[in-house]
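Working notes for the structure below.
Read the figures in this text as sums done on the coordinates, not as results from a lab. All of these numbers come straight from a predicted model, not from anything done at the bench. As a convention, Cβ positions derive from the backbone with ideal geometry for all residues, glycine included, and neighbour counts pool all protein chains shown.
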Amino acid sequence: MTKSDQAIYVSGLNVSFGAFSVLKNLSWLVNFGEVKGVIGPNGAGKTTLLDALTGKTEYQSGDIFVRGRHNIKGANEPVIARLGLGRKFQKPSIFSGLSVFENLEIALRSGKAILQSINQLTSHEKEKINETAVLIGLSDCLGKDAGTLAHGQKQWLEIGMLIMADPAVLLLDEPVAGMNGEERTKTATLIDKLKGPEMAIVVVEHDMQFVETVCDSVTVLHDGQILVEGPMQDVKENPQVIDVYLGRDSENA
Amino acid sequence: MIRGHSCPRFFREMAKIILSISWLAFADNSAVASDHFNKISWIEFRNHFITEICSSKPKRMKAVLQELGSFTVANQDPKVIRERTQWATDLISGIQKKRFRCSKDGKTYLKREDKFLDPVSMAEIKIGDAKYKAPFLHLPVRPTLETILATSKLINSLKNPGTLDLSQLALLEKKPDFINTDQMAYLLKSQLSDSSRERLVFVRAFKMLKSENIDEVSEALRNLSSIPSRKTLTAITKVRKTIDPVKDPELIEIADNAIAEISFSIQIGKAMSIVYSGLSYSSILFLASIGLAIVFGLMGVINLAQGELIMIGAYVTFVIQECLAAVFPSMLPLYLLISIPFVFLITGGMGALIEFSVIRHLYTRPLMTLLATWGVSIFLINMIRVSFGTQNLEFYVPDYLVGGLSVFGDFLITWNRLATIIFAIVILIFTLFLVKKTRFGMNIRAVTENRSMAGAIGVNTRKVDLLSFAVGSGLAGLAGLALSTIYNVNPTMGTNFIVDAFMVVVLGGVGSIWGTVFAALLVGMINVAVEPLYGAVAAKVLVMILIIAVIQVRPEGIFMMKVRK
Amino acid sequence: MLRSSEKFAVIFFLAGSLLVIASFMGLETSTYLMNLIGQIAAFSLLALSLDLIWGFCGILSLGHGLYFAIGGYLVAMHLVKVAFEKTGTPPDFMLFMGWEDLPAYYFGIESFAYLLFLVILVTLSVSLIFGYFSFRSRVTGVYFAIITQALVYMAMLFMFRNDTGFGGNNGMTGFSEIFGLNFRENKTATILCGISLTVLGLSLLGCKKLVDAPLGRFMRAVKEDESRLRFLGFDTVYVKLTAWCISAILAAIAGLLYVPQVGIINPRVLSPELSIEIAVWVAIGGRGSLVGAIFGAVVVSGLKFILTGLVPDLWPFLLAILVVGIVIYLPNGFSDGARVFGSIARRLVSAPHRKLQS
C-alpha cells in the first residue's frame, strides 16, 4: 500500500473534554475503494472521531492526514470539506426551506470559489444535478420543498448533496437510523453504487446487519480506542467484541 | 477586611501624635504675645479701633482688625474673653452690614433694631444732624474682616466645652492666611474634639507656611505632609517656589520631601478610590447581570427588560421608604433592610409573570424573545413614568450610610458604597449556595447542561425555567435597591445598566457564576478607571474591543466550560 | 407576498418619479403630508435593509440605527457645509463651541458626489470590520444581537459629546438648501418625498433580484442550517458579510434620505430603542417578506405619527401590547396575520352555509 492509496490516516489522536478523555492515542487507516464500518457501544467515541475528522472538534494531539498528504490540524470545516471530506450527520441536516434542486445546487456551488458560486448554472452542471437526483431516487421531487420530504428521502438528499462536491471520503453517521426495511435496502444499494476506486466510504452505524451488508471491513471502537479491526465475520466472533457488547454485566460483577 | 482597617488607623494615630506636639510648641508663643496688649486698656483699645475703622484706609483697617483679634484673647479669664469676642462680633457684623457709621467730626453709632448705640459702651444714644457715613470697605480688607469675625464667633461658641461652630470653622479653612495668630493659639489651647483640633492645626499650618520664621515654615510643612490632599499639595508647591534655594537649602529639601510624600499619597489615594468605586460599580453590575447570565445559560434567552426590573426594584424601595415615613417614622432609617424581602418578592413575581405570559411562548425563538421583552420594558418604563413622573427620586439616606472613613489622601471609604459591596458579596454567596447546594440549583444545572435529558429523568423543566427567571429578576430588583442611594433613580435608568450587563454576560460566559463575577469586576473597573481620564465612550470602546478580542479566542466567554456540542 | 414585490417596487418607483416631475411642473402639495410620506419611505427602506439580513440570512441586528445614523450625519454635514459656503458663518452648535471655521473633516463634503462616496466608504468600513470579526468568530443569534446593540449605544454616547463637531446632544440643524432648492419652498418637500419613494422602489426591486439570485439562496441556506453549509465546504463568513454590508449601505441611504426631510439629526437616532424599533417593524410586517417589512414600517411608524399626536401617553402602551401580542401569536407577523384573517373571513363566509346544511 502506498501513500496515495490512503484516504484517511489518523495517527496518535487524543481528544478530551476537560478531564474526560474521549479518544485515546487512536491510530486508524481508511484506504480508497474501501467501505469501512465503525461500530462500538454508546460513548465509544464514534461521533467524536467524525467531529475531529471534519474540524468540528479540536484535538489535543495527534495528526490526521487526508488523501495521503494533507494534514488537517487547525483547519476549519470548509477547508476540510474542500479537501474532499463530506459528512452526513446523524440527524438529517438539509435546507428545509429550499427545494430539492436548490439543495443540490447549493451543494454544487459550495465547493467553489465565491465568484464562481454566483454565476448562472452551466448546462453541464444542471445535468450533474439531474444525474445525482436520479441516483438518490429523488428525480421526481426536484421542485419540492426539502422540508416536506419523508425521513428516508431527507437522508438520501443529504448524501446526494455530499456527492455533488465529488468527495474523496464520505462519512456517513447512522445513515439508516429510523428507516424501514425497504429504505434500508435502497440505502445499501446507493452505497454500493457509490463505491469506487476514487472514494472511501466510512459508515458509523448501530445496525449490525446493515454494516455487514455494505462494509468491506469493520473497526470496533471501545473507550476511545480500537478494539478490533477486520472483516465483519471475524469481528462478530471475536470474544472481546462479544464481551463489550454483551458482557457489560459480567464486567461489573 | 480586618487588614484594610488597620492601615488607616495607623495613620490616624500618627497624625494625632504630630498634632499634640505642635500644639505644645504653639502654646508657648501665645503667652508672650498677650503681655503686649495688656499695656493699653480694653476701653482705650475700643476707641482706637473705632477711629482706625472710620479712617477708611485699607492698611490701617487691616492692621487694627488684627489687633482686635489679638486683644480679644489677651486675658486669662474666659468671661472677659467671651465679652470681648461678643463685642468684636457685634461691631464687625455692624461694619459689614453698614449699620456702623462715622461722622466727619469723629462721632459714631451702631444701629441695632432701630436703636442707635454707642459703639464703645453699647449704650443707647441720641444722634444729631451730622452726616454719618459707613466706612468704605475696600476689597483687600474684606477677607480680614470676615476671618476675624469668624474666629471671634468660633471663640464665642466655646461656651460649652468641646462644641465648636463648624460652619465658622469651614469659613476659616477657606481663608487661612488672614487668621489672627493669637486667636488661633487660644482656640488650640481650649478643649476641643480631636477632629476639630485636627482641622484647626491644618488651617494654622496653611498660615504658618507663609511665615517669615523658617522654623515655623518647616514645622508647617511637616504638619501638612501628614495630611495629604490636593489642597495641601497646591499650597506647598506655591511656597516651594518662594523659598530662596541659596538661603534655605534645608527648607527646600523639607518642602520637596513633603511634596513627594503628598503626591505619592494622593496617587495611592486616587488609585484606591478608583478601585473602590470600581468595586461598587462592579457589585451593581454583578447583581444586574447574574440573573441574565443564569437565564441565558438555561433558556438561551436575554431579557431586555432586565434594566427595567432594576428600576422597579429601586421604585419599590422608594415606595416602602414613603410608607415607613408615613406609618412608622421611627423605622425609617432601616427602610433599606426592610425593603430587601419586598423588593425581591415583587420583582421576582414580576419576573415570573413575564416568564409565564411571554417568554414561555417563545421557547424556540430566542430572537423574538428579545423583541417581546423589549415590549415589556417599554411597558414598564411608561407605567412608572405615568404613575411617578420622570424626575429623579429623592431617597432618604440613613445616617449610617452618610459620609465615610477618610483613609488616605482624597480616598474616602463611603459607607453607602461599602454597603453595596457587602450586599453583593452576600448575594454572591446566596447564589452560589442556591446553585451548588440546593435541589433547585441542581435542576438548574441539569437543564442548562441537557434540557431534554433532564426532562426525561423527571425534572420539571418548565418549573425550573419559571423559578430561575423569577430569582434572576429578583436579584435585578435587589440591584435597584443597592444603587438607590448612589445613582439617579428615574424611569429610564435601566438603559444605563443594561448594555453594561450585556457586556458582562458576553464576557463572562453563559451561566457561569464565577465568570459573571470576573466579568463584572473587569467591566466595572474599566468603566470607572477609564471614564474620568478619557470619557465614558472610551471606556465602552475598550470593553467592546476586549469583548471582540475575547470572542475571537473563546466565543462562549472566558469561563465557559469546553463541552461537546 | 414575495411575488408581489416587483409590483410594489414599480408602484413606488412610478409614484416617486411622478411626484418629482409634477413638482417641477408646479404642483402644489401639502408640505406636511409630503414630509410624512417621505419619512415613512425612508423608514421603509430601513426596514427593508434589516429584513434582508434578518429575514433572509437569519442575523438579527439590534444596532442598525448605527448605519442609518452614518448616512444621516454625513448628509447633515453636507447640508451644514452648503449653508456655510452661502453665509460664511458656522452653524450655532459650532459657534457655541467657539469655533470660527468648520473642522477639517468637512473638507469637500459640499460636493454631493463626494458625500455619496463617503457614505459608502464609511458604512462599508464600519460594517466590514465589525461583520468580519463577528462572523469569523461565529457570533450568532442573541449574542450577535446584543453586541450590535452595545455598539450602537457606544456610538450614541460618542455623539452626545459636544466637542466632536457633530452638534453633540442638540444635534445638527440649520440647513438652508439641498441641490440648490431652498428648504422653505414647498417644492423641496415634494421632490425629497418623490426621491425617497423612487429610491425605495429601486431598492425593493434590487433586494428582490438579490434574494432570487444564487447569493440569495446561500443567504437562505445560512438561515436554515449554517453548519451544514460549512461542512459542504462553503465558508459562510463571506455570504454573511456580503449580505451584512449591502444591508448596512441600504440603511445608510435611508438615513441619507431621512435627515433632509426632518431638517435635524441628533444622537437619539442612535438610541437602542430606535434600533429595536426597526426590528419591530420587520417582525410585525413579517420576516422574510420584503413587502412585509415595508408594510410593517408603514403601519407602525404611521400609527406612531398619528397616535403620539393624539394620545401621547397611550402610544407606548399600545406599542408594547402590539409587539408582545404579535410576537407571541403571529410568529411571521402580518404575513401570518393575513392568513389568520383570511381563514376567519372564510369561516365567517362559510358559517351561514353550514347553518343551511345543518
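Of the listed requirements (1) at the interface with chain C (Cβ under 10 Å from one of its Cβ atoms); (2) crowded, with 22+ Cβ neighbours inside 10 Å; (3) over 19 Å from C:F158 (Cβ atoms), B:A539 misses just one: (3). Filtering segment A:142-153 to residues that are in a helix (DSSP H, G or I) and touching a helix residue (DSSP H, G or I) at 6+ places or on another chain (Cβ under 7 Å) leaves A:A146, A:G152.
Filter segment C:259-268 down to the residues that are buried (at least 24 other Cβ atoms within 10 Å of the Cβ) and in a helix (DSSP H, G or I) and list them by number. Within segment C:259-268, C:V259, C:P260 meet the criteria. Applying the criterion of being of a type in the set (G, A, S) and within 14 Å of another protein chain (Cβ to nearest Cβ) to the residues of segment C:10-60, the residue that is nearest to C:R184 (Cα to Cα) is C:A47.
Put simply, of B:L285, B:L298, B:L292 the only residue that is out of contact with any Cys (no Cβ under 6 Å at 6 or more places or on another chain), under 28 Å from B:G404 (Cα atoms) and within 14 Å of chain C (Cβ to nearest Cβ) is B:L285. Among all positions in segment A:131-141, there is no residue which is touching a residue at least 24 places away in the same chain (Cβ under 8 Å), in contact with a strand residue (DSSP E or B) (Cβ under 9 Å, 6 or more places away or on another chain), in a helix (DSSP H, G or I) and within 14 Å of another protein chain (Cβ to nearest Cβ). Residues in segment B:110-120 that are under 47 Å from the mean Cα position of the chain (by Cα) and assigned to a loop (DSSP other than H, G, I, E, B) were compared, and the one that is surrounded by the most Cβ atoms within 10 Å (Cβ to Cβ) is B:P119. The set of residues in segment A:43-57 being within 14 Å of chain C (Cβ to nearest Cβ) and at negative phi consists of A:T47, A:L50, A:D51, A:A52, A:L53, A:T54, A:K56, A:T57.
Highlighted here are the strands (runs of 3 or more DSSP E) found entirely within segment A:159-237 that include at least 3 residues which are over 17 Å from A:I136 (Cα atoms): A:200-204, A:217-222, A:225-230.
Of all the numbered requirements in (1) part of a helix (DSSP H, G or I); (2) within 14 Å of chain A (Cβ to nearest Cβ); (3) more than 14 Å from the chain's Cα centre (by Cα); (4) not basic (K, R), C:T198 misses one, and that requirement is (2). Considering (1) buried (at least 18 other Cβ atoms within 10 Å of the Cβ); (2) without any contact (Cβ under 8 Å) to a residue 24 or more places away in the chain, the lone condition that B:R101 does not fulfil carries the number (2). Considering only residues in segment B:256-272 that are touching a Pro at 6+ places or on another chain (Cβ under 6 Å) and not small (G, A, S), the one that is farthest from B:L221 (Cα to Cα) turns out to be B:I266. Residues that are in a loop (DSSP other than H, G, I, E, B) and of a type in the set (D, E) were ranked within segment B:382-420; the one that is farthest from B:A482 (Cα to Cα) is B:D410. Among the residues making up segment A:148-178, those that are touching a Gly at 6+ places or on another chain (Cβ under 9 Å), over 21 Å from A:R82 (Cβ atoms) and in contact (Cβ under 8 Å) with a residue 60 or more places away in the chain are A:K154, A:Q155. Residues that are under 23 Å from B:T373 (Cα atoms), outside any helix (DSSP H, G or I), of a type in the set (S, T, N, Q) and away from chain C (no Cβ under 11 Å) do not occur anywhere in segment B:514-536. All conditions in (1) within 22 Å of the chain's Cα centre (by Cα); (2) on the phi < 0 side of the Ramachandran plot hold for C:Y106, with the sole exception of (1).
Every residue, every condition in (1) surrounded by fewer than 17 Cβ atoms within 10 Å (Cβ to Cβ); (2) over 24 Å from the mean Cα position of the chain (by Cα), yes or no:
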| position | (1), (2) |
| --- | --- |
| B:N213 | yes, yes |
| B:T234 | yes, no |
| B:R240 | no, yes |
| B:D248 | yes, yes |
| B:N257 | yes, yes |
| B:I266 | no, no |
| B:I274 | no, no |
| B:L279 | no, no |
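Criterion first (among the hydroxyl-bearing types (S, T, Y) and either within 30 Å of A:T213 (Cα to Cα) or away from chain C (no Cβ under 13 Å) (or both)) does A:S99 satisfy it? Taking the combined requirement at face value, the residue does not satisfy it. The one condition from (1) in contact (Cβ under 8 Å) with a residue 24 or more places away in the chain; (2) surrounded by 20 or more Cβ atoms within 10 Å (Cβ to Cβ) that A:H222 does not meet is (2). Just to be sure, is B:I425 more than 14 Å from chain C (Cβ to nearest Cβ), surrounded by fewer than 16 Cβ atoms within 10 Å (Cβ to Cβ), more than 30 Å from C:W315 (Cβ to Cβ) and out of contact with any strand residue (DSSP E or B) (no Cβ under 7 Å at 6 or more places or on another chain)? Spelling it out, B:I425 is indeed more than 14 Å from chain C (Cβ to nearest Cβ), surrounded by fewer than 16 Cβ atoms within 10 Å (Cβ to Cβ), more than 30 Å from C:W315 (Cβ to Cβ) and out of contact with any strand residue (DSSP E or B) (no Cβ under 7 Å at 6 or more places or on another chain). Of all residues in segment C:127-149, those satisfying the criterion of being crowded, with 20+ Cβ neighbours inside 10 Å, more than 7 Å from every other protein chain (Cβ to nearest Cβ) and of a type in the set (S, T, Y) are C:S127, C:S134, C:T148. So is A:G62 more than 11 Å from every other protein chain (Cβ to nearest Cβ), over 20 Å from A:E205 (Cα atoms) and part of a loop (DSSP other than H, G, I, E, B) or not? Here the answer is no, as A:G62 does not meet what is asked. Applying the set (1) closer than 25 Å to B:N75 by Cβ; (2) among the basic types (K, R); (3) surrounded by fewer than 18 Cβ atoms within 10 Å (Cβ to Cβ) to B:K131 leaves exactly one unmet item: (1). When we screen C:G309, C:G292 for residues that are surrounded by 24 or more Cβ atoms within 10 Å (Cβ to Cβ) and either farther than 30 Å from A:R87 by Cβ or within 12 Å of another protein chain (Cβ to nearest Cβ) (or both), the only hit is C:G292. A Cβ distance below 8 Å, combined with a sequence gap of six or more or placement on separate chains, defines the contacts here; from segment C:322-336, residues that are under 23 Å from B:F356 (Cβ atoms) reach residues that are part of a loop (DSSP other than H, G, I, E, B) and among the charged types (D, E, K, R) in the pairs C:P331/B:R365.
Figure legend. Inter-residue proximity from segment C:213-234: first residues facing another protein chain (nearest Cβ under 7 Å) and over 22 Å from A:I80 (Cα atoms), second residues among the charged types (D, E, K, R) and part of a helix (DSSP H, G or I), beta-carbon distance below 9 Å, spacing 6+ or different chains. Indicated pairs: C:P214/A:E105; C:P214/A:R109; C:R217/A:E102; C:R217/A:E105; C:R217/A:R109; C:R220/A:E102.
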